[in-house]
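Below is one structure, written out as structure tokens, with a few remarks after it.
The values are calculated or read from the model by the stated rules, or taken from the named source; none is laboratory data. Because the structure is a prediction, the values reported are computed rather than measured. Quick reminder, even Gly has a Cβ in these numbers, built from the backbone with ideal geometry, and neighbours come from all protein chains shown.
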Amino acid sequence: MIDLRLVREHPDVVRASQRARGADESLVDKLLAADVARREAVKRADDLRGEQKAASQAVRSATPEERPAVLDRAKALAAQVKEAEEGERAADAALRDVHLQIPNVVADEVPPGGEDDAVTIRTVGDIPAYDFPVRDHLEVGEALGAIDMERGAKVSGARFYFLTGPGALLEFALAQLAIGRAVAAGFTPVIAPALVKPEAMEGTGFLGEHDEEVYRVERDNLYLVGTSEVPLAAMHMDEVLDLSGGPRHYAGWSSCFRREAGSYGKDTRGLIRVHWFDKVEMFSFSRPEDTAAEHLQLLAWEEEFLQALELPYRVVDIAAGDLGTSAVRKFDIEAWFPSQGTYRELTSTSDCGTFQARRLNIRYRDADGKPQTAATLNGTLCAVARTIACLLEVHQQADGSVYVPVALRPWLGGIDRITAGMSLAAPIPPGPPA
């Protein structure tokens, strides 16, 4: 959630952010009113508790004649205190309710507009030319025995799939490459739980307007995560972190689940928009003053990974109206999909400022030893299913085989092509060469 001091001292900044997002500007005034009401309720309860304490002392010092009246006064105050405390709790709840409805305040650098107004920062790599009819990733994958959507639908329903043979090996290869590069960059690898409590989901900003996207296990009151960002952020809730040596980095692996509500009929073919996929997610806990540099570093690591996969891409600055609830600023990397003749999102990285950490009560100590709210950032290093789709399309060959990027070969037994009916018996080395 946003800092209440910012709302009190600079409400116009928050209103401008709401306008930029296309969000409800009146929520700012509702939050200010709820804040005033809460402070008044706290003062009333505190004042009555003070009177009650004085009345209790008066009972002890009262004469026998005074005692009945003083006792009546003390009892009346006790009832008023109880009522005031209930009002204080109600005011707290009302404040929290409206506070949670306001998304993070966007950075000044964020471009205005909505989904179609992202600004291209740079384009990297040449768009490949093909001297044969280009097939989409599902055609390529089915011909290679790598993807089976039909049986995925039979077992689990639409937008589920099996990765088989070379498809399964590609997933393991991408996971090893991504985790290996993250560890080399100083990240702590984490296998994150895919089920979390409501406070973890709410704390990271994935309930409220996003709850239609989330799978809930009602019997156990748990949620399936759509990204390991959720458990990674919540891992340190109610803790004070040592950030004196710089940001704390985690690389989380988890399965991810998304209902894709409202996307019916959109990208239903193949692996582009599915209900389940695996992902390696980078996550950082940082001092607020370090987030701008840290955000660019996460973006650089994402770019290096796509360059290792020899994929052409562009980096875009996401417009305010298309930002997630928690994000101050977000960069997407869109890779080229030849069957569609366009760039499509493959990874993203978001600076969430102190928004998530304030909800989750994650702090650090400043130079004076005082606890301060930490900042959080996240970045997808590899969303496996969509990355496989892009690899199969970009690196397809005229004979139906698929070129294997050099960086992936150590994890695929050294092969430079994936072919239909290929032997899967070749030994896979334990890791890339030194």
Across segment 231-254, which residue is nearest to Glu199 (Cα to Cα) among those that are of a type outside the set (A, V, I, L, M) and not in a loop (DSSP other than H, G, I, E, B)?
Pro231
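Of the residues in segment 286-304, how many are outside any helix (DSSP H, G or I) and surrounded by 24 or more Cβ atoms within 10 Å (Cβ to Cβ)?
The total comes to 1.
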Quick one: what pairs do we get from segment 330-355, first residue at positive phi and crowded, with 24+ Cβ neighbours inside 10 Å, second at pLDDT 95 or above and of a type in the set (A, V, I, L, M, F, W, C), C-beta under 6 Å, 6+ apart or different chains?
Gly353/Val328; Gly353/Ala375
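Would you call Glu239 buried (at least 16 other Cβ atoms within 10 Å of the Cβ) and either of a type in the set (D, E, K, R) or modelled with pLDDT of 95 or more (or both)?
Against the criterion (buried (at least 16 other Cβ atoms within 10 Å of the Cβ) and either of a type in the set (D, E, K, R) or modelled with pLDDT of 95 or more (or both)), Glu239 does not qualify.
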Does any residue of segment 336-344 turn out to be closer than 26 Å to Arg21 by Cα, in the same structural domain as Arg122 (by TED's automatic domain parsing) and part of a loop (DSSP other than H, G, I, E, B)?
no
Is it the case, given these coordinates, that Ser254 is surrounded by 18 or more Cβ atoms within 10 Å (Cβ to Cβ) and of a type in the set (Gly, Ala, Ser)?
yes
Given the structure, is Glu142 in contact with an Asp or Glu (Cβ under 8 Å, 6 or more places away or on another chain), modelled with pLDDT of 95 or more, on the phi < 0 side of the Ramachandran plot and not hydrophobic (A, V, I, L, M, F, W, C)?
yes
Hey, can you tell me all the residues within segment 41-75 that are surrounded by fewer than 14 Cβ atoms within 10 Å (Cβ to Cβ) and closer than 20 Å to Gly87 by Cβ?
Lys43, Asp46, Asp47, Gly50, Lys53, Lys75
With the requirement that a residue be closer than 19 Å to Met422 by Cβ and either of a type in the set (Asp, Glu) or assigned to a loop (DSSP other than H, G, I, E, B) (or both), what does segment 126-177 give you?
Arg135, Glu139, Glu142, Gly145, Ala146, Asp148, Thr164, Gly165, Glu171
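For Ala94, state whether it is more than 22 Å from Val384 (Cα to Cα) and assigned by TED's automatic domain parsing to the domain that holds Ala55.
yes
To keep it simple, each residue is scored yes or no on (1) under 43 Å from the mean Cα position of the chain (by Cα); (2) buried (at least 16 other Cβ atoms within 10 Å of the Cβ); (3) not in a helix (DSSP H, G or I); (4) not assigned by TED's automatic domain parsing to the domain that holds Arg359.
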position: Arg15; (1), (2), (3), (4): yes, yes, no, yes
position: Gln80; (1), (2), (3), (4): no, yes, no, yes
position: Arg89; (1), (2), (3), (4): yes, no, no, yes
position: Asp108; (1), (2), (3), (4): yes, no, yes, yes
Of all residues in segment 379-414, which are β-branched (Val, Ile, Thr) and touching a Pro at 6+ places or on another chain (Cβ under 9 Å)?
Val394, Val402
Being touching a helix residue (DSSP H, G or I) at 6+ places or on another chain (Cβ under 7 Å) and crowded, with 18+ Cβ neighbours inside 10 Å is the filter here, so list the residues in segment 408-421 that pass it.
Leu408, Trp411, Leu412, Ile418
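Return yes or no: is Glu281 assigned to a strand (DSSP E or B), outside the structural domain of Arg15 (by TED's automatic domain parsing) and free of Cβ contacts under 8 Å to residues at least 24 places away in the same chain?
No: the conditions fail for Glu281.
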